Amino acid sequence: MDFLPQAFRNLIDELARLPGVGRKTAQRLAFHIMRRSAEEAGQLAAAIVAAKAGIKPCSLCGSYADTDLCPICSAPNRNPKIICVVEKPVDILAIERSGYYKGLYHVLGGAISPLDGITPEQLNIQHLLQRVNGSDCEVILSTGTSTEGDHTALYLTRILKENGAKVTRMARGIPAGSDIEYVDEVTLYRALEGRTEL
C-alpha cells in the first residue's frame, strides 16, 4: 500500500475504524469515494460534520435527537406507561421495525461489564429510576442476551422492583449471544409479544 498517497491511506485507516468495516471493505469504500465527484465527497463530509454537530441525546430517553425530544418521545400516539430499556440507540431501530411496540424507550448507553470497567454508575440508570419513580408503568428490559446484557437486566430488575415498577423482559426468541440490532422483525415481534413478568 506504499504506492498509495498518504491522504488515501489515512482515509482507508479512518474507514477501517468503523464497526463492521474490515480493511478490504475500507479500501473498497475509499476507492468508491475517490470515484465520486468532489461535490459528492463534500456532501458526505458535510453530512458527517452536521450530524456530529447537530445531534444530541434526547432529554427524556437518551436516544439521538436534533431537538430537545426525539421524534418517538414527542409523538402523541406513544404510550408513556410502557418504557422499553435498550443498551444503545441502534436497538430502537430494530424494535421499531417490528411494528408492534408503541411505548417509549430508555437508552442505557451500554451494559454493565466489570471486565471493561463499565459500572452501573456510568450508565443512564439514575434517569430511568427518576422516570419510573411513583408511576405505574411497565419497564420492558431489552438488553442483549450476552452475559453483560443478562447481568444488566438482573441488576435493573432488582432496583426497579425496589422502586415499585412492573418489570418484564423480552421473551427468549432472540438467539443467545446476539445483538438486538441484527435480529429480524418476526423474532422481535414474538419476543415482545411473549414477554413475561420478572
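The values are calculated or read from the model by the stated rules, or taken from the named source; none is laboratory data. Since we're looking at a predicted model, the values are computed, not measured. Cβ: placed from backbone, ideal geometry, glycine included. Neighbour counts: every protein chain shown.
Annotation note: of 115, 188, the sole residue that is assigned by TED's automatic domain parsing to the domain that holds residue 81, of a type in the set (A, V, I, L, M), over 18 Å from residue 61 (Cα atoms) and touching a helix residue (DSSP H, G or I) at 6+ places or on another chain (Cβ under 7 Å) is 188. Would you say residue 70 is touching a strand residue (DSSP E or B) at 6+ places or on another chain (Cβ under 8 Å) and in a loop (DSSP other than H, G, I, E, B)? The answer is yes for residue 70. Among the residues of the stretch 128-155, those that are in contact with a helix residue (DSSP H, G or I) (Cβ under 7 Å, 6 or more places away or on another chain) and closer than 21 Å to residue 193 by Cβ comprise 139, 141, 142, 143, 144. Considering 69, 104, 93, 108, which residue is without any contact (Cβ under 8 Å) to a residue 12 or more places away in the chain and of a type outside the set (Phe, Trp, Tyr)? Just one listed residue meets the conditions, 69. Taking the residues in the stretch 85-141 that are among the acidic types (Asp, Glu), more than 13 Å from the chain's Cα centre (by Cα) and outside any loop (DSSP other than H, G, I, E, B) as candidates, determine which candidate is surrounded by the fewest Cβ atoms within 10 Å (Cβ to Cβ). That would be 121.
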